[in-house]
Amino acid sequence: MKRNRPTIQTVAEHAGVSRGTVDRVLNNRSYVSAEVRERILRAIEETGYVAPRQARPVEETKNYPPLRLGVLLPNWTGPFKTEVSSGIEAARRKLADYHVEIRVCVCETDLPVECIEHLDALVEWGAQGIALCALNDILIETKVGELADRGIPCITLNSDLPNSRRLCFVGQDYTKSGRIAAELLSKCVPRDAHILAMVGNLEYHGHRTRLDGFCARMHELGFSSAQIEITETYNNYRLTCDKVRQALQGTPDLAAIYMVNRSVTGCTDALRQAGMTDQIRVVAHDLSARTKSLLQEGSLDFTITQDMYRQGYLPLMLLRELLHKGVRPQEDQIATSISIICSQNIE
């Protein structure tokens, strides 16, 4: 008896999800948790499902020479590590048939010299193209230029190096996401209110650009620079807690906190300990299991998400297209999606 070919419905039933969720994974769209995405990918493998556009003669994959691609990531945890790593692994699976080998290096510090050492190590390994998320530092920008001179293209992800000779950038439009945060907060507080803007690390282009977009929009809406206190906490939980406590003591009319900072729990814990959760509005970025719970309990009002899975996946696909086929990216900056999440639309 002839066995029926597996369909998207087959995969959905096998993974215990909807057909729409399977379709989002097949099309590399965001807003699917890493755990669900992995479950669907396993279901695809176990059922033997092949999307129509993926069916191709085996001969196509035999004509490409071996290719080595490197990835360099910062020492960030949380959704960045989970989602970006998931995208990288999806690219690894996708490109395996084309003889592409991928090596990932992760920095332990924010020191530019460590980043450069990892880039050198990837080149020594034989990387012919590199995807990286790194500090916006002149030494790193110079290194990317040197790699370009050697014919090793680099694509930045999540945080850009706009003054380097990188091939392109894959990530969120951070100016726009910062302006969205300002628009949200401006509607939640009085016009004479004070706001604390907590940035992780201003040496990362993404953090600084978000903050610039936020401040620019707040000024357009009538908020003065004196009403916005900016503090840098390097994504450190304890430092974030301490800075929030200091702001609460020194600024009696503090009405909102903008978190350009991954230590959102440092902020919400300090507010909870001070009994100020209901009085202070908080807007953050990205969506993790912890931020979901903070949204549900009311400690966090909004979070603005980005497609970090695609930031891990797309740079490797673009490098392969360039190095195997000579096809350059059509855009200098490839923006990933932006969504506003509150307690009522958590997937």
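The values are calculated or read from the model by the stated rules, or taken from the named source; none is laboratory data. The shown structure was predicted, so the numbers you read here are calculated from the model rather than taken from an experiment. Cβ placement follows ideal geometry from the backbone for every residue including glycine, while neighbour counts extend to all protein chains displayed.
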* Ala226 passes all but one of (1) surrounded by fewer than 19 Cβ atoms within 10 Å (Cβ to Cβ); (2) touching a residue at least 24 places away in the same chain (Cβ under 8 Å); (3) assigned by TED's automatic domain parsing to the domain that holds Glu183; which number fails? -> (2)
* For the range 197-251, enumerate the residues that are over 29 Å from Ala335 (Cβ atoms), among the aliphatic types (A, V, I, L, M) and touching a helix residue (DSSP H, G or I) at 6+ places or on another chain (Cβ under 6 Å). => Val244
* Structure fact -> Among (1) at pLDDT 95 or above; (2) on the phi > 0 side of the Ramachandran plot, Thr156 falls short only on (2)
* Structure fact -> Note on the range 263-288: residues in contact (Cβ under 8 Å) with a residue 40 or more places away in the chain and at positive phi are Asp286
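When only residues in the range 284-304 that are in a strand (DSSP E or B) and buried (at least 24 other Cβ atoms within 10 Å of the Cβ) count, which is nearest to the chain's Cα centre (by Cα)? Spell out the reasoning first.
So the first thing to find is which residues in the range 284-304 are in a strand (DSSP E or B), and the list is 284-285, 302-304.
Subsequent filtering for residues that are buried (at least 24 other Cβ atoms within 10 Å of the Cβ) retains 284-285, 303.
Numbers: Ala284: 13, His285: 10, Thr303: 13 Å.
Looking at the filtered set, the residue picked out is His285.
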* **Of the criteria (1) over 25 Å from Lys325 (Cβ atoms); (2) touching a strand residue (DSSP E or B) at 6+ places or on another chain (Cβ under 6 Å), which one Ala134 fails** => (2)
* Asked: Do we have Thr251 as in contact with an Asp or Glu (Cβ under 9 Å, 6 or more places away or on another chain), polar (S, T, N, Q) and farther than 25 Å from Thr175 by Cβ here?
  -> yes
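Would you mind finding the one in Ala127, Ala96, Ala121 that is farther than 30 Å from Thr291 by Cα, out of contact with any helix residue (DSSP H, G or I) (no Cβ under 6 Å at 6 or more places or on another chain) and buried (at least 23 other Cβ atoms within 10 Å of the Cβ)? Lay out the reasoning, then the answer.
Numbers: Ala96 fails: buried (at least 23 other Cβ atoms within 10 Å of the Cβ); Ala121 fails: buried (at least 23 other Cβ atoms within 10 Å of the Cβ).
Answer to the selection: Ala127.
Whether any residue in the range 84-101 is closer than 22 Å to Leu287 by Cβ, touching a Lys or Arg at 6+ places or on another chain (Cβ under 7 Å) and of a type in the set (S, T, N, Q) is what I want to check. Explain how you work it out, then say what you get.
First, pick out the residues of the range 84-101 that are closer than 22 Å to Leu287 by Cβ: 84-91.
Those still in the list that are touching a Lys or Arg at 6+ places or on another chain (Cβ under 7 Å) too: 86-87.
With of a type in the set (S, T, N, Q) added as a condition, the list becomes 86.
The answer is yes, given that some residue of the range 84-101 is closer than 22 Å to Leu287 by Cβ, touching a Lys or Arg at 6+ places or on another chain (Cβ under 7 Å) and of a type in the set (S, T, N, Q).
If only one of Ala34, Ala15 is buried (at least 17 other Cβ atoms within 10 Å of the Cβ), hydrophobic (A, V, I, L, M, F, W, C) and modelled with pLDDT of 80 or more, which one is it? Break it down into steps so the answer makes sense when it comes.
Details: Ala34 fails: modelled with pLDDT of 80 or more.
Only one candidate passes the filter, namely Ala15.
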* Starting from the range 12-23, take each residue that is in the same structural domain as Arg37 (by TED's automatic domain parsing) and list its partners that are among the hydroxyl-bearing types (Ser, Thr, Tyr) and surrounded by fewer than 15 Cβ atoms within 10 Å (Cβ to Cβ), counting only C-beta distances under 8 angstrom and pairs at least six apart or across chains. => Ala12/Ser18
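Among the residues of the range 71-89, what is the count of those that are part of a loop (DSSP other than H, G, I, E, B) and of a type in the set (Ser, Thr, Tyr)?
1
Looking only at the range 165-202, count how many residues are assigned to a loop (DSSP other than H, G, I, E, B) and either aliphatic (A, V, I, L, M) or closer than 19 Å to Ile280 by Cβ (or both).
Keep residues of the range 165-202 that are assigned to a loop (DSSP other than H, G, I, E, B), which gives 165-167, 173, 187-193, 200-202.
Restricting the remaining residues to those that are either aliphatic (A, V, I, L, M) or closer than 19 Å to Ile280 by Cβ (or both) gives 167, 187-193, 202.
Of the residues in that region, 9 qualify.
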